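Heads up, the thing below is written out as structure tokens.
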Amino acid sequence: MSERLQAIRGMHDVLPERAPIWQHLEDRARAVIEGYGYREMRTPLVEPVELFKRSIGEVTDIVEKEMYAFDDRGGDRLALRPEGTASCVRAAIEHGLLDQPQRIWYRGPMFRRERPQRGRYRQFHQIGVEVLGLAGPDVDLEVITMTRRLWQALGLADLRLELNSLGDSDERARYRTDLVAHLQAHESALDDDSRRRLDTNPLRVLDSKNPALAPVIAAAPSLLDYLGDNSRAHFEALCAGLDAAGIGYQVNPRLVRGLDYYNRTVFEWITDALGAQGTVCAGGRYDGLVAQLGGRDTPAVGFALGVERLLDLIDTSSIDTGPDAYLVTLGEAAAAAAPAIAERLRDAVPGLKLLMHCGGGGFKNQFKKADKSGAQLALILGDEEVAQGTVGCKPLRGAGEQRSLSFDDLVATLHERVNQRT
Ligand code: HAM
């Protein structure tokens, strides 16, 4: 026998019994996001490596260590996308979308070669939004308000919002100088990683998870003290908007994010229920990125949520994973009539998930399959029912007697069932 092949470590199949749970999250998220007037954009999974180097930044973990980068057969240097913002901006510039504000959303797989663990995968999925062309704190508030609505739609209560402002580039440059001085004064306490970052990306030291560094980080200057008037006003207006909307948050001056394109507002939604990988959604403002990628100066803000992490949190017990109904037959006339009846039911009840038994077999056996399919209802068609124009209907989950229904009554019952589910 040949050796069996397996999926790549950190990349997972979504099997049919789990797919309805993904669809549930995707459907809810899409309804919420489109409720704010955002429109979907789909971009390729593969882009030039250069795009991510110029946006995420050369000296970030993603670009330095985690990207799936390769030369294709024509010698072009390509990468599987590690995130969606860069592609979205590239596409907006390329297709001339920037002459008016754009509210865009996207979903799909992203690729980072990290060490796999719970909540951290090498192929994972994001749903993201990007607003291009609006500079004010009102739109920062809009995207954060949207995330709150998303958590409500998914039944999630225990997420906390952390917020910071990274200021503008000159403010960050002044901060960086003082931060480096502080870190250098404590250089003996730094680990190798932080020492390396001292020259390349010192703000990332603030993100270190090494407990030995905690006192040095706690004593570091705070970015918020370096904000100029405009950045400060922007941040205060956002905080006031969040207060007015009743959205709780915690200002975390050490929140810096792992991608270089951010300025001003950054935020993360965090849960304590998932261990180390507790950030379920993250984003912020990136006013310099469009120009950096060759477009006209365009302010922007957005976020992306991690689908796998949210799926790990939501209560999936009430999500139906089976069909609404499973049609079984008893007798030859019934077996012959069943396909046409199934089609009539699908015509009459939009959205109905009706599984028709195929492959013959005895009645008992068919019934067992109906139960195993996870269907809510068994529809029973015998020769007698065909002659009378009725169908037997028996609830398979919970209590309920089998009833003999006319075609119209059956349609009404199935409508009810579909409405319950959706
Ligand atoms: P990010 O923080 O790199 O930001 O990723 C956003 C979210 O994707 C994370 O909070 C997490 O939930 C999920 N995620 C990231 N890496 C993994 C992984 N290896 N396994 C599972 N889930 C993961 C961005 O990607 C930015 N593009 C967000 C953004 C959009 N900023 C502005 N617009």
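Normalised per residue, the accessible area of the range 1-44 is 81 Å², obtained with a 1.4 Å probe and no contribution from ligands, DNA or RNA. Among 73, 397, 30, the largest mean-square fluctuation in a Gaussian network model of the chain, built with springs joining Cα atoms closer than 10 Å, belongs to 73. The apolar share of the surface of the chain, taken as the fraction of accessible area on carbon and sulfur atoms (1.4 Å probe, ligands and nucleic acids excluded), comes to 48 percent.
Each Lys and Arg adds +1 at its Cβ and each Asp and Glu adds -1 at its Cβ; summed about the Cα centre, the chain shows a dipole of about 800 debye.
Sequence neighbours fewer than 8 away in the same chain don't count; with that in mind, list the lysines whose C-alpha is under 29 Å from residue 209. Straight-distance partners of residue 209: 53, 65. Each stretch of four or more DSSP H residues adds -39500 (n - 2.57); spread over every residue of the chain, this sum gives -11500 deg cm²/dmol at 222 nm.
The values are calculated or read from the model by the stated rules, or taken from the named source; none is laboratory data. None of these values were measured; they are calculated from a predicted model. Virtual Cβ from ideal backbone geometry, glycine too; neighbours counted across all protein chains shown. Surface accessibility is based on the protein's heavy atoms, side chains included, excluding ligands, DNA and RNA. Shrake-Rupley method; radii C 1.70, N 1.55, O 1.52, S 1.80 Å.
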